[in-house]
Amino acid sequence: MIGDRSPSPRDRRMLWRDLRLLVLDIETVWDPGGFSGDAREEIDRAIAEVGRTGQPVRLAPQPRRVRWQQHATAEAAGMASQSHGTEPDRAVEVSLRAGRPPLPTPVDSALRGDSRVASIALVECRRGQPGTSWGSLVNPGVPVDAETVKFHKLTDERLRDQPRFEQLADEITALLTPREHERLVLVGHNLGSDLGVLR
């Protein structure tokens, strides 16, 4: 409704005019050596504490790769996170995300920064119509776990000669970036997890 009347055909066209929907789908494999030990336990404890008390928790300083995984874990749990400080003392702070309740903890391992992209697909929708689609298999750089082989039919052999994620990152970032005078809405079946993996 617009005001006290139903939208006219022109009003409906205007709603879609500068809107680009981007449907995201990612398949992942588990990285058994990606994120473990004290840094992993610390982010789990921080998420639980923030969920319980509502107060932000700052973690111990970590290298960049570990911080990225901590950010992904916080995102997957429905929390906000920011990095503070300068290298080598830069650390993640976890806090509640405004207007969004935290997910129950502990967070499933598939959401915790242990995952590597094995397949990614993006489909644009403009003015309510499917448009450009883009997708690629990705070499995850780790052996493919049995669950991924079973459910997604992605094997080491199939992914071995595919590009690494870092080779596709600029192209993916460009697709995920709103263009001038554009509203971009990202949608997906498991978006919290997918965004955590991308980060």
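Conditions tested, residue by residue: (1) in contact with a Cys (Cβ under 9 Å, 6 or more places away or on another chain); (2) at pLDDT below 90; (3) assigned to a helix (DSSP H, G or I).
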{"residue": "G135", "(1), (2), (3)": "no, no, no"}
{"residue": "E147", "(1), (2), (3)": "no, yes, yes"}
{"residue": "E157", "(1), (2), (3)": "no, no, yes"}
{"residue": "Q167", "(1), (2), (3)": "no, no, yes"}
{"residue": "R179", "(1), (2), (3)": "no, yes, no"}
{"residue": "V197", "(1), (2), (3)": "no, yes, yes"}
Item to check | Count - residues of region 67-87 that are free of Cβ contacts under 8 Å to residues at least 40 places away in the same chain, open to solvent by 10 Å² or more (accessible area, probe 1.4 Å) and under 17 Å from G192 (Cβ atoms) | outcome: 2
Item to check | Pair list, Cβ < 6 Å and 6+ apart or interchain, from region 181-195 residues that are closer than 18 Å to R116 by Cβ to residues that are open to solvent by 30 Å² or more (accessible area, probe 1.4 Å) and part of a loop (DSSP other than H, G, I, E, B) | outcome: D194/G188
Checklist entry - What residue, among those in region 88-127 that are of a type in the set (D, E) and at pLDDT below 85, is surrounded by the fewest Cβ atoms within 10 Å (Cβ to Cβ)? => result D108
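Looking only at region 49-59, count how many residues are on the phi < 0 side of the Ramachandran plot and either open to solvent by less than 40 Å² (accessible area, probe 1.4 Å) or among the hydroxyl-bearing types (S, T, Y) (or both).
Of the residues in region 49-59, the ones on the phi < 0 side of the Ramachandran plot are 49-53, 55-59.
Retained after the next criterion (residues that are either open to solvent by less than 40 Å² (accessible area, probe 1.4 Å) or among the hydroxyl-bearing types (S, T, Y) (or both)): 50, 53, 57, 59.
Qualifying residue count for the region: 4.
Which ones in region 123-145 are of a type in the set (A, V, I, L, M) and without any contact (Cβ under 8 Å) to a residue 60 or more places away in the chain? First the steps, then the outcome.
Within region 123-145, the first condition is being of a type in the set (A, V, I, L, M), and the residues that meet it are 123, 137-138, 142, 144.
Residues satisfying the conditions are L137, V138.
Conditions (1) open to solvent by 100 Å² or more (accessible area, probe 1.4 Å); (2) more than 21 Å from R199 (Cβ to Cβ), marked per residue:
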| residue | (1), (2) |
| --- | --- |
| Q129 | yes, yes |
| S133 | no, yes |
| N139 | no, no |
| V144 | no, yes |
| R158 | yes, yes |
| D161 | yes, yes |
| A169 | no, no |
| I172 | no, no |
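The values are calculated or read from the model by the stated rules, or taken from the named source; none is laboratory data. This is a predicted model, so every value here is computed, not measured. Cβ coordinates were reconstructed from backbone atoms using ideal geometry, including for glycine residues, and neighbour counts include every protein chain displayed. Calculation scope for accessible area: heavy atoms of the full protein, side chains included, ligands and nucleic acids excluded. Shrake-Rupley method; radii C 1.70, N 1.55, O 1.52, S 1.80 Å.
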